[in-house]
1. Scan around residue 25 for amide H atoms under 5 Å from its own, H built in the peptide plane at 1.01 Å from N, and keep only partners 5 or more places away or cross-chain.
2. Could you tell me which label, among [x] 15.2, 49; [y] 16.9, 55; [z] 14.2, 49, carries the value of Rg and Dmax of the Cα atoms in Å calculated for this structure?
3. What's the longest uninterrupted piece of the chain once you rule out the GluC sites (Glu not before Pro) that are loop residues per DSSP with at most 15 other Cβ within 10 Å?
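Computed from the coordinates by the stated procedures, all read-outs in this text should not be read as laboratory data. Bear in mind the structure is a predicted one, so any value in this text is a computation, not a measurement. Positions of Cβ are backbone-derived with ideal geometry, glycine not excepted, and every protein chain shown enters the neighbour counts.
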Amino acid sequence: MSLKKYALKPTSALHLRDGNDELMYADGQDGKPDLNRPMLAHLYGPGTKQYAKAKADQSNRNVDKLKKKGKSDQTAEEQTKETATFLAQCTESFENVEYEGLSGRELIKAVYSDLELCFVTDQVNRHIAETANFTGQPATI
């Protein structure tokens, strides 16, 4: 039996949750949540070139900061920007997500940069860190 049978899937869809841990849905025409339009983040997993590049870029930025400043302290603003950059590289797309009229990469980066939406950043971070989310099988943890 080939070990490749256990390979990770390249992407996973995460149904986003709000600050109260409730699933989020885009608004329907009546202004109420449309249960047929879940807000999703399509994410690259640890077994992809996109994720590997994001990790390498993150590491290189950290090394560059150490070389320039001679210290590793980051301000809260720098940390938020760093996290947003990393997660944006690990995000293929958002589905049914609107934010200040933005789209594409600008939308993704803006969502991760907004401190008032830190619950989105946190759940995406947790999701991509768990390889079970990219197996197509439910996690058994």
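1. Placed amide hydrogens put 39 under 5 Å from residue 25.
2. [y]
3. Details: sites that count: 22, 98, 100, 130.
Between exposed loop sites, the widest span is 23-97.
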